[in-house]
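Accompanying notes for the structure given below.
The values are calculated or read from the model by the stated rules, or taken from the named source; none is laboratory data. Predicted model, so just to flag it, every value in this text is computed and none were measured. Cβ atoms come from the backbone with ideal geometry, glycine included; neighbour counts cover every protein chain shown. All accessible areas refer to the heavy atoms of the entire protein, side chains included, with ligands and DNA or RNA removed. Shrake-Rupley method; radii C 1.70, N 1.55, O 1.52, S 1.80 Å.
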Amino acid sequence: MGEAVVLDGRKVAESVRQRLTQRIAARREAGARVPGLVVIRVGDDPASEVYVNNKRRAAAAVGMAAREIHLAADTPEAEVVATVQALNQDPAVDGILVQLPLPAGISSEAVLEVLDPAKDADGLTADNLGRLAAGKPRLVPCTPRGILELLDQYAIPLRGRRAVVVGRSRLVGMPMALLLVQRDATVTIVHSRTPDAQAIAREADVLVVAAGRRGLVGPEWVKPGAAVVDVGIHRTAEGIEGDVDFAAVRTCAGWLTPVPGGVGPLTVAMLLANTWTAYAAREGLAASEAAI
Ligand code: NAD
């Protein structure tokens, strides 16, 4: 058997950013305001600082007005909540993102509870997840939205196919499963309490792995020829690795995402796409102008 096609997340993310750049430039030339994104970071988690800088730079690069609000780790929850509420009211702000995890003592639930769903750039509020479950998606979590974009760009068939999602998180696994169902795949979620997840995964034509367990998935999890999407991010002495054993799975999968360079770049691109979607809705743009 040949080697899997490696899905190039950087390339697909670049094409999303180019489309956004054109859309935003057209708005600016028409004299309209540009989309605004605010990222709130609380405390000094070093990984969060890197992520937030990447997001802010990526937003500025496509022509958005992007800024960060950095609050000290000991900021009271009420002040974080009040910051979000003030941004909800700010007409220049279309997308608000609260970088997780928050320091101990600040509940992400409490913060998401007050976030205006129309500005929820991460698609994590109960309102947006409920809309997704109801088949009326508005703002969809960035990582699953990016994975769907990647599968579509490589014309990987979903309708009528067996899809297995490893992981059931609010951020990735659960919304991924909902999106795949809506694309007419037959979807199974496996998680940490599933007996013999490997045997179930092996039935999948499309396998999305978001377990947060380095190297969990080897070829014994993969149906020959399947599309395998690796969401995991693990910083190791050798660099960034995923949940999938890339070298081994490459010899049996039909398609495979690398780590890094697969899902990660798309997650950031989709944050921008969500901010654009929120902006387009708030500005009342026609569907043809809003589409990305
Ligand atoms: P999480 O810890 O919230 O959820 C992990 C899920 O995996 C849980 O539902 C758990 O039940 C399941 N699980 C754990 N061990 C398992 C096992 N052995 N077999 C089957 N299921 C198992 O994590 P998350 O937020 O969904 O993130 C998952 C991974 O993806 C992490 O490595 C995270 O860093 C990464 N991530 C990457 C991106 C990206 O842009 N590439 C975005 C978000 C998260």
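Data overview
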read-out: Evaluation of Tyr279 against (1) assigned to a loop (DSSP other than H, G, I, E, B); (2) touching a Gly at 6+ places or on another chain (Cβ under 8 Å) (one fails), failing number; value: (1)
read-out: Qualifying residue in the range 231-247 (condition: open to solvent by less than 20 Å² (accessible area, probe 1.4 Å), within 14 Å of the ligand (Cβ to nearest atom) and outside any loop (DSSP other than H, G, I, E, B)); value: yes
read-out: Positions within the range 61-85 being in a helix (DSSP H, G or I) and open to solvent by 60 Å² or more (accessible area, probe 1.4 Å), in sequence order; value: Ala61, Glu77, Ala78, Glu79, Gln85
read-out: Any hit, the range 30-44, residues being part of a helix (DSSP H, G or I) and either on the phi > 0 side of the Ramachandran plot or out of contact with any helix residue (DSSP H, G or I) (no Cβ under 6 Å at 6 or more places or on another chain) (or both); value: no
read-out: Any hit, the range 251-259, residues being under 27 Å from Arg138 (Cα atoms) and in a loop (DSSP other than H, G, I, E, B); value: yes
read-out: Subset of the range 101-125 [open to solvent by less than 40 Å² (accessible area, probe 1.4 Å) and more than 19 Å from Arg282 (Cα to Cα)]; value: Leu102, Pro103, Ile106, Ala110, Val111, Leu112
